[in-house]
There are 2 protein chains.
Amino acid sequence: MSKIVKVKNLVLGGGNRVTIQSMTNTPTADEQKTSEQIRRLIEAGCDIVRLAVCTNEEVDVCKRYIANFDIPLVADIQFDHRLAVRCSEIGFSKVRINPGNIGGEDCVKRVVDACKANRTVIRVGVNGGSLENGIIGGGADALAESALKGVELVNKYGFDDIIVSVKSSEVKTMIQANRIIASKCDYPLHLGVTESGDVCDGTLKSAIGIGSLLCDGIGDTIRVSLSGDPVSEVLAARNILRSISLDKNYCEIVSCPTCSRCSYDLESAVREIKQFTKDVAQPLKVAIMGCVVNGPGEAKNADLGVAGGKDKAVLFAKGEVIKTINQSDIVSELKNLITKFLSEKNS
Amino acid sequence: MSKIVKVKNLVLGGGNRVTIQSMTNTPTADEQKTSEQIRRLIEAGCDIVRLAVCTNEEVDVCKRYIANFDIPLVADIQFDHRLAVRCSEIGFSKVRINPGNIGGEDCVKRVVDACKANRTVIRVGVNGGSLENGIIGGGADALAESALKGVELVNKYGFDDIIVSVKSSEVKTMIQANRIIASKCDYPLHLGVTESGDVCDGTLKSAIGIGSLLCDGIGDTIRVSLSGDPVSEVLAARNILRSISLDKNYCEIVSCPTCSRCSYDLESAVREIKQFTKDVAQPLKVAIMGCVVNGPGEAKNADLGVAGGKDKAVLFAKGEVIKTINQSDIVSELKNLITKFLSEKNS
């Protein structure tokens with residue numbers, strides 16, 4: 001298990017909740033647009049917001065974001081260590097640097113000194129597209145080695161509040177690199193597949209890369225990188241966490257693909273129940289199953305469920321058969337059960 | 001690596017191409033609807049089609065599907081071993097049974113004898129919702145144990161043309177169960193997350209479960225189970241294979257999530273290039289990147305690429321800088337490069 005690192009009010013690592021990150025893509029110096037985007041990210045459920053900071057002018061504007069928002073903000077710094085130092089000084093909760101491109105050991109030391117003085121966390125972040133030694137597509141070993149070298153350098157100056165990321169646009173490489181890192185250090189890991197494409201392609205690549213690591217207990221905070229509105233990154237991240245039961249505060253619908261054995265319109269039932277439960281923010285598992293093969297099993301294993309039979313259907317609650325109903329009543333009966341279940345649970 | 005098992009004209013296992021499966025959800029006895037669905041599945045790129053067979057009447061209609069389609073067809077049999085025997089006799093390429101629910105050892109023997117005589121492959125398929133011992137949500141160990149027991153039984157009667165599946169509606173359980181199976185036998189594995197929900201939820205769960213196993217070299221044939229049109233299962237399966245480079249015959253777009261550093265409309269460029277390349281059926285990797293941080297690296301690593309700069313952008317081909325262009329020309333210049341690249345490659 002990773003060690004704990006605090007980022008403002010958030011506790012990362014040590015088996016705590018996996019947090020969701022995103023990054024603004026509005027001009028950082030445009031206070032109105034960027035404030036609005038930060039607000040939308042928070043509303044969508046983002047836990048940590050990162051901003052690219054490239055100029056002193058942008059640093060000055062960032063002071064106001066730090067003053068105006070409670071959410072931990074992270075400065076993304078490339079190349080110029082002086083910007084990292086200033087971002088630490090003005091109160092960013094974390095700075096993300098790649099020690100390999102920040103100007104040499106002296107520059108890393110200056111960033112570390114500032115972060116020590118200002119209690120700023122450092123993310124050592126290495127990407128396949130920008131390895132310091134110019135190895136492009138250099139594979140998992142090169143990525144991991146580069147990140148561990150960066151960590152070592154930050155350690156050397158007596159700093160321990162570190163989060164590590166190794167990202168690649170290739171899913172397999174990203175998985176392997178993170179496994180190496182997880183086996184060699186115990187800092188919290190920030191997971192992401194980088195440059196993963198648009199919302200469709202990027203969500204899929206991220207789900208495989210991030211999801212498979214999380215299933216093995218690797219990873220403490222995640223970012224889904226998508227070419228598009230960053231709010232979609234937060235929604236995708238949340239859906240990944242839900243898919244693997246790391247976020248249970250919603251209505252999970254377990255439903256079969258149907259086959260010739262299913263004699264009712266299961267697809268519509270799933271659609272209606274999904275719509276009906278879209279605002280549920282507590283654990284609820286509903287199984288909507290077509291037939292007697294896996295139906296009763298899955299329905300019993302859920303909080304509530306229905307399994308189709310020849311002409312009828314059987315309703316389940318908390319593992320027990322409730323009653324046999326007509327197939328035309330499946331949706332209405334399930335809605336009643338859900339309403340009752342939630343009101344009992346919340347009373 | 002798994003051993004090779006032939007399913008009609010397809011070679012499964014042994015590191016061969018990962019094949020895509022789906023299952024009809026029209027009434028098996030309805031020849032017109034089911035034939036139409038099989039045709040649509042083939043058109044979408046499905047390699048193997050499964051049908052639920054529950055009655056003798058359905059077996060008779062299946063003779064015509066077997067006669068009319070070249071694609072390997074699989075009979076999904078539950079409970080009644082006589083149907084499995086008949087399906088083998090009429091020429092199904094594979095029968096899927098759960099030896100734990102088919103009526104006892106004698107019944108398994110009869111199915112095996114028929115499959116031996118007719119050279120039918122057997123899939124030993126176990127699902128979390130229907131474990132023979134009634135353990136529901138019984139975890140990875142119970143699932144794997146149940147499948148291995150089934151395999152052992154089929155082996156006992158001298159049969160070796162086996163494909164194994166262990167499915168669960170819980171992603172982690174499915175991953176762990178398959179890892180156990182892969183460590184204990186070398187039969188080709190059929191991967192799937194079962195009862196995974198609608199197209200959105202189900203694709204994500206399947207991507208994580210199937211994708212992470214494939215990334216570790218586990219799995220030979222896959223089915224994405226979705227509550228909906230089975231054609232969407234084939235498209236989702238293909239996208240999963242593409243995400244992890246197991247299908248490279250398309251245009252992969254590597255593109256960044258953009259941040260404050262990006263000064264052109266990258267999202268639109270990605271959309272236009274994706275549309276422009278949607279019919280490309282050979283390996284092509286195009287990087288569309290916002291800035292100089294990871295831009296040049298990813299662009300060099302792709303066949304073709306563009307990396308945004310302050311006001312301009314730099315075009316790359318085969319790892320080399322081609323020229324500097326105006327940002328307003330990014331899409332048209334990329335289209336020209338793509339057309340040229342493909343015509344040179346295909347000439």
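The values are calculated or read from the model by the stated rules, or taken from the named source; none is laboratory data. If you're wondering where the values come from, they're calculated on a predicted model, not measured in any experiment. Glycine also receives a Cβ, built like all others from the backbone with ideal geometry; neighbour counts cover every protein chain displayed. In case anyone asks, the SASA skips ligands and DNA or RNA and just uses the protein heavy atoms, side chains included. Shrake-Rupley method; radii C 1.70, N 1.55, O 1.52, S 1.80 Å.
Once segment B:158-176 is narrowed to residues that are of a type in the set (D, E, K, R) and more than 15 Å from the chain's Cα centre (by Cα), the residue that is farthest from the other protein chains (Cβ to nearest Cβ) is B:160.
Checking the structure you have, find out if any residue of segment A:221-238 is in contact with an Asp or Glu (Cβ under 6 Å, 6 or more places away or on another chain), facing chain B (nearest Cβ under 7 Å) and open to solvent by 10 Å² or more (accessible area, probe 1.4 Å). No, because not a single residue in segment A:221-238 is in contact with an Asp or Glu (Cβ under 6 Å, 6 or more places away or on another chain), facing chain B (nearest Cβ under 7 Å) and open to solvent by 10 Å² or more (accessible area, probe 1.4 Å). Residues that are crowded, with 20+ Cβ neighbours inside 10 Å and in contact (Cβ under 8 Å) with a residue 40 or more places away in the chain occur in segment A:207-216; there is at least one. Against the numbered list (1) in a helix (DSSP H, G or I); (2) in contact (Cβ under 8 Å) with a residue 40 or more places away in the chain; (3) open to solvent by 30 Å² or more (accessible area, probe 1.4 Å), residue A:310 comes up short only at (1). Residues of segment A:91-120 that are in contact with a strand residue (DSSP E or B) (Cβ under 9 Å, 6 or more places away or on another chain), among the aliphatic types (A, V, I, L, M) and surrounded by fewer than 24 Cβ atoms within 10 Å (Cβ to Cβ): A:114 alone. Does segment B:8-22 contain at least one residue that is touching a strand residue (DSSP E or B) at 6+ places or on another chain (Cβ under 8 Å), facing chain A (nearest Cβ under 10 Å) and within 21 Å of residue B:97 (Cβ to Cβ)? Yes - at least one qualifying residue is present in segment B:8-22. Going residue by residue through segment B:177-192, is there one that turns out to be facing chain A (nearest Cβ under 7 Å), open to solvent by less than 10 Å² (accessible area, probe 1.4 Å) and either within 23 Å of residue B:247 (Cα to Cα) or of a type in the set (Lys, Arg) (or both)? No, segment B:177-192 contains no residue that is facing chain A (nearest Cβ under 7 Å), open to solvent by less than 10 Å² (accessible area, probe 1.4 Å) and either within 23 Å of residue B:247 (Cα to Cα) or of a type in the set (Lys, Arg) (or both).
Across segment B:54-87, the qualifying residues are those that are within 14 Å of another protein chain (Cβ to nearest Cβ) and among the β-branched types (Val, Ile, Thr), and the one among them that is surrounded by the fewest Cβ atoms within 10 Å (Cβ to Cβ) is B:55.
For segment B:160-205, the set of residues classified as out of contact with any Lys or Arg (no Cβ under 6 Å at 6 or more places or on another chain), in contact (Cβ under 8 Å) with a residue 40 or more places away in the chain and part of a loop (DSSP other than H, G, I, E, B) consists of B:161, B:169, B:170, B:187, B:188, B:195, listed by residue number.
If you go through segment A:239-248, how many residues are within 8 Å of chain B (Cβ to nearest Cβ), touching a helix residue (DSSP H, G or I) at 6+ places or on another chain (Cβ under 6 Å) and either touching a residue at least 40 places away in the same chain (Cβ under 8 Å) or surrounded by fewer than 24 Cβ atoms within 10 Å (Cβ to Cβ) (or both)? Total satisfying the criteria: 2. From the list B:134, B:129, B:100, B:104, the one residue that fits, being touching a Leu at 6+ places or on another chain (Cβ under 8 Å) and at pLDDT below 95, is B:100. For segment A:287-298, the count of residues that are surrounded by fewer than 18 Cβ atoms within 10 Å (Cβ to Cβ) and either more than 14 Å from chain B (Cβ to nearest Cβ) or not in a strand (DSSP E or B) (or both) is at least one. With the structure loaded, tell me whether residue A:269 is part of a helix (DSSP H, G or I) and under 23 Å from residue A:215 (Cβ atoms) or whether it fails that test. So residue A:269 does not fit the description; no.
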